[in-house]
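Quick notes on the structure that follows.
The values are calculated or read from the model by the stated rules, or taken from the named source; none is laboratory data. Keep in mind that what you see is a predicted model, and the values were worked out from it rather than measured. Glycine also receives a Cβ, built like all others from the backbone with ideal geometry; neighbour counts cover every protein chain displayed. Protein only, heavy atoms only, side chains kept; ligands, DNA and RNA dropped before computing areas. Shrake-Rupley method; radii C 1.70, N 1.55, O 1.52, S 1.80 Å.
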Amino acid sequence: MTDKRFYLTTPIYYVNDKPHIGHAYTTLACDVLARFKRLDGYEVMFLTGTDEHGQKVEAAAKKAAVSPQEFTDSVSQNFRDLTDRMGFSNDQFIRTTEPRHYRASQKIWQLLMDRGHIRLDKYAGWYSVRDEAFYTEAELVDGMAPTGAPVEWVEEPSYFFDLSNWQQGLLDHYEANPDFVAPQSRFNEIKSFVSGGLKDLSVSRTSFAWGVPVPGDSEHVMYVWLDALTNYLTATGWAEQGGAAAGSLYDRLWPADLHMVGKDILRFHAVYWPAFLMAAGLPLPKRVFAHGWWTNEGQKISKSLGNVIDPLALIEEYGLDQTRYFLMREVPFGRDGDFAKQSMIQRINSDLANDLGNLAQRSLSLIAKNLDGVMPAFPGLDDPADAALITRADALLDQLRDAMDRQAFHEGLRDIWEVIAEANRYIDTAAPWALKKTDPARMAEVLAVLAEAVRQFAILVQPFMPEAASRLLDQLGVAGTERGMDQLGGAARIKAGQTLEKPSGVFPRYQEKEEG
Ligand code: ME8
């Protein structure tokens, strides 16, 4: 067992709807990071799942004329299916309707109660079922939630969490942990929200029943966000093992290294969740990253506009690795971005088919044709052009590590593609196809340098495009045990003398279908 550990989470998704690009995007970002960390020698726990309680889900079940449990069973399965189809490598898939999650939610409630942070009172105010959030009169815009969601007036007995007492504690934590929330602009918004003062938070409801029962008061169910946020603890076995001897899963994993969320739910993760945890006397997660939102060809995505993007349709049309690459490369992670078909095609044909695909295919087929498919020996780097390319390739691992630790996925890929461009210039200048007759020894050196560069690119892109990378590594004769990040940075090189399999392109061009 390693002491390099990394615990990362996606939000758990509401089961009121089909999975869409937003869900796929958040989970994909975590998948890429989880794969990178595993390849970089970490013990990783990657958690995703479904958020199954609350009024929104109860209403969706009623509309479908089935019980909430039947409804959540079936919709939760859609999210699991998406996980499989996208090749996500999550270690657990949690459902908030599981008994272990009831245990954890009730345990945190009890802790908050015992420590004097929850009291019974009465709530009178606005509630948005779509957002599952409470709003003050002052926050409403034209009678709607600031998100544009409808609100309803709610008046009912409710337990309250003493959020107002945590303003200073939160601000101190932000001050002491400048990387707690990213991107920085969003962190600033959170700080100014908390600086503006916090009101106690209603944490139970009596007007519907689809939730975790409040311990000791069966009239109430827990506010869905208190229940939902606790999933991150549930999955560590906290209810069963919290405070247990060193070495328990909880002990190894908590606090989480990263909660990945969309920008719309940052406040719940960067304000309420840390306040709950501080009040319960538990350590806080190390970082919360809020990513941006996708539009579709410039338009806001909405069911009413009928322009929701189905991630499964994207995979079908463009291919899984291509879709994964596009989503991670096109938009600086953390910013909003636009999904445009032409940009997708451009990325597939230019970055993948031309830049990386052709480079690999040209290099490998020259080895096949001119060297009988036998991997040449890696040269001493006396030639300045060889040295320049390999030095840049060797530096990529540290660059990628740094980008990954900042969740700057687009930068990681950009850095790799800069060296791919360099390798393309190298092959054009060295022109190994012309050396066969004039200088076969030099040709073998050039092809070895190219094969080494491609080996490194293939290892580096595994977290983003696992299938294509694995096919490329197969063609380069790289053993399954030699695909980790520890094989980079000059620690290993191509192995001379192996006979390679016949190469075939791994990044096909996208052909637009003829209309009609
Ligand atoms: O919020 N582009 O669940 P959810 C990018 N259950 N991301 C988008 C998007 C878009 N167009 N639309 C939505 C919940 N998202 C809670 C979480 S966690 C303890 C509980 C993202 O199903 C959005 O930002 O509404 C959010 O991260 C997720 O998809 C949707 O979550």
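Every condition in (1) assigned to a helix (DSSP H, G or I); (2) more than 15 Å from the ligand (Cβ to nearest atom); (3) acidic (Asp, Glu) holds for residue 31 except the one numbered (2). Evaluation of residue 95 against the conditions (1) under 16 Å from residue 267 (Cα atoms); (2) basic (Lys, Arg); (3) within 16 Å of the ligand (Cβ to nearest atom) shows that the sole unmet condition is (1).
With respect to residue 124, is the statement that it is hydrophobic (A, V, I, L, M, F, W, C) and either open to solvent by less than 20 Å² (accessible area, probe 1.4 Å) or free of Cβ contacts under 8 Å to residues at least 12 places away in the same chain (or both) true? So that I can check it myself, show each step before the final result.
Details: hydrophobic (A, V, I, L, M, F, W, C): yes; either open to solvent by less than 20 Å² (accessible area, probe 1.4 Å) or free of Cβ contacts under 8 Å to residues at least 12 places away in the same chain (or both): no.
Criteria not met by residue 124.
Apart from one condition, residue 148 fits all of (1) at pLDDT below 95; (2) surrounded by 14 or more Cβ atoms within 10 Å (Cβ to Cβ); the exception is (2). Of all residues in the range 4-23, how many are more than 6 Å from the ligand (Cβ to nearest atom), out of contact with any Phe, Trp or Tyr (no Cβ under 7 Å at 6 or more places or on another chain), open to solvent by 20 Å² or more (accessible area, probe 1.4 Å) and assigned to a strand (DSSP E or B)? So the count comes out to 0. Of the residues examined, residue 485 is one that is among the hydrophobic types (A, V, I, L, M, F, W, C) and more than 23 Å from residue 372 (Cα to Cα).
Suppose we filter the range 234-258 for residues that are assigned to a helix (DSSP H, G or I) and hydroxyl-bearing (Ser, Thr, Tyr); how many remain?
2
Figure legend. Inter-residue proximity from the range 247-259: first residues more than 10 Å from residue 237 (Cα to Cα), second residues at pLDDT 95 or above and in a helix (DSSP H, G or I), beta-carbon distance below 6 Å, spacing 6+ or different chains. Indicated pairs: 256/232; 259/269. Among residues of the range 281-302 that are over 11 Å from residue 333 (Cα atoms) and away from the ligand (no atom under 11 Å from the Cβ), those with a beta-carbon under 6 Å from a residue that is outside any loop (DSSP other than H, G, I, E, B) and open to solvent by 30 Å² or more (accessible area, probe 1.4 Å) at least six positions away or on a different chain give the pairs 298/338.
Comparison of 292, 247, 242 shows that the only residue that is of a type outside the set (Asp, Glu) and out of contact with any helix residue (DSSP H, G or I) (no Cβ under 7 Å at 6 or more places or on another chain) is 247.
Okay, residues lined up against (1) over 20 Å from residue 130 (Cβ atoms); (2) loosely packed, with under 14 Cβ neighbours inside 10 Å; (3) away from the ligand (no atom under 16 Å from the Cβ); (4) of a type outside the set (A, V, I, L, M, F, W, C):
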residue	(1), (2), (3), (4)
206	yes, no, yes, yes
213	yes, no, yes, yes
216	yes, yes, yes, yes
223	no, no, no, yes
228	no, no, no, no
235	yes, no, no, no
238	yes, no, no, no
243	yes, yes, yes, yes
254	yes, no, no, no
